[in-house]
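In what follows, a single structure is set out as structure tokens and then discussed.
The values are calculated or read from the model by the stated rules, or taken from the named source; none is laboratory data. Model, not experiment: these values are computed from the prediction. Quick reminder, even Gly has a Cβ in these numbers, built from the backbone with ideal geometry, and neighbours come from all protein chains shown. For the accessible areas, the whole protein counts, side chains as well, though only heavy atoms, and no ligand, DNA or RNA atoms are used. Shrake-Rupley method; radii C 1.70, N 1.55, O 1.52, S 1.80 Å.
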Amino acid sequence: MTTHSRSTGFVLGAATVATGLIAGVYYIFACCVMPALARSEDRVYVEVMRNINDVIQNPVFFLSFMGALLLTAISSWQLRGQPYRWWVWTALAAYALGFLTTVAVNIPLNNDLAHMKDPTAAREHFEHVWVAWNVVRAVVSTVAVGCLVRALLLYGREPVPASG
């Protein structure tokens, strides 16, 4: 099996881009969106977060969110014999941790927020826990991006086999 193929490079590059997009979403929430919302009164805070939770559920976001995991997994399989495979495997583990955090913590909190009636109680239940776990997602997905970039650089340094 030739590991330096067009499809292998494409999958690794696409995994890097998709993971970078998701890391960017978490980053912007951590350093801009949530600090800005923290300045809002409870009703506004809850309303805006509910709106964000509604609109983020769209095909473009899901393509990146699910695609980052799937593409990194495929890339880790494609590069399994390469010395830099550990970078991709580490990226997969880091992104999977962030993905599981989203599924186990952030989404249930979003669902709770959608159903709570009292904005003050809703915010109190939601804000600090969601923000803390979002920082975890931002950090681990950024680690995943760094690992994928390193793998992509090492992949690009490999000599391309002569076509026969």
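How big is the dipole moment of the stretch 71-133 about its Cα centre under a simple scheme where the beta carbon of each Lys and Arg is +1, that of each Asp and Glu is -1, and everything else is neutral? Debye, nearest 20, please.
For this selection, approximately 400 debye.
Whole percent per 5 Å bin, from 0 to the bin with the longest distance: what is P(r) over all C-alpha pairs of the stretch 68-134?
For the stretch 68-134, the pair-distance distribution reads 4, 17, 20, 14, 11, 9, 9, 7, 5, 3, 1, 0.
Among V17, V143, V60, determine the one that fluctuates most according to a GNM of the chain built with springs between C-alpha atoms less than 10 Å apart.
Of the options given, V60 has the highest mean-square fluctuation.
Along the charge dipole of the stretch 43-164, pointing to its positive end and built from +1/-1 on Cβ of Lys, Arg, Asp and Glu, which listed residue (A122, L71, V139) has its Cα farthest out?
Checked the options; the winner is L71.
How big is D, in µm² s⁻¹, for the stretch 24-79 by Stokes-Einstein at 37 °C and 0.692 mPa s if Rh is the Kirkwood radius over C-alpha pairs?
My calculation gives 247 µm²/s for D.
Would you mind checking the tilt of helix 119-157 against the longest principal axis of the Cα atoms of the chain, expressed as 0 to 90 degrees and rounded to 10?
10
Normalising by the residue count of the chain, find the relative contact order in percent from Cα pairs under 8 Å and 6+ residues apart.
Computed over the chain, the figure is 40 percent.
Just one of [x] 1.36; [y] 0.98; [z] 1.23 is Cα Rg over 2.2 N^0.38 Å calculated from these coordinates, so which is it?
Matching the structure shown: [z].
The stretch 123-140 to the stretch 36-69: how many Å between their Cα centroids?
Between the Cα centres of the stretch 123-140 and the stretch 36-69 lies a distance of 13 Å.
Considering only G81, V60, V25, whose Cα is most displaced toward the positive end of the charge dipole of the stretch 1-83, charges sitting on Cβ of Lys, Arg (+1) and Asp, Glu (-1)?
G81
Using unit Cβ charges (K, R positive; D, E negative) and no other charged atoms, how large, in debye to the nearest 20, is the dipole of the stretch 1-122 about its Cα centre?
Computed about the Cα centre, the dipole is about 540 debye.
Taking the chain as the reference, fit the longest principal axis to its C-alpha atoms, fit the long axis of helix 59-78 to the helix C-alpha atoms, and give the angle between the two in degrees, 0 to 90, nearest 10.
Its long axis makes an angle of about 30 degrees.
How much mean residue ellipticity at 222 nm does the chain get from its helices, if each DSSP H run of length 4 or more adds -39500 (n - 2.57) and you divide by all residues, to the nearest 500 deg cm²/dmol?
Calculated mean residue ellipticity at 222 nm is -26000 deg cm²/dmol.
Roll a 1.4 Å probe over the protein chains and send me the accessible area per residue for the chain in Å².
Result: 55 Å² per residue.
Within the accessible area of the stretch 53-164, what % is carbon and sulfur when the probe is 1.4 Å and the other protein chains stay in place?
Ligands and nucleic acids excluded, carbon and sulfur give 72 percent.
With a 10 Å cut-off between alpha carbons and a GNM built on the chain, which of A15, A94, A121 moves the most?
A121
At E47 and C32, where each label point lies 7 Å from the Cα along Cα→Cβ, what is the point-to-point distance in nanometres?
2.3
Given a 10 angstrom Cα cut-off, can you work out which residue in G81, G24, G98 is the most mobile in a GNM of the chain?
Between G81, G24, G98, it is G81 that shows the largest mean-square fluctuation.
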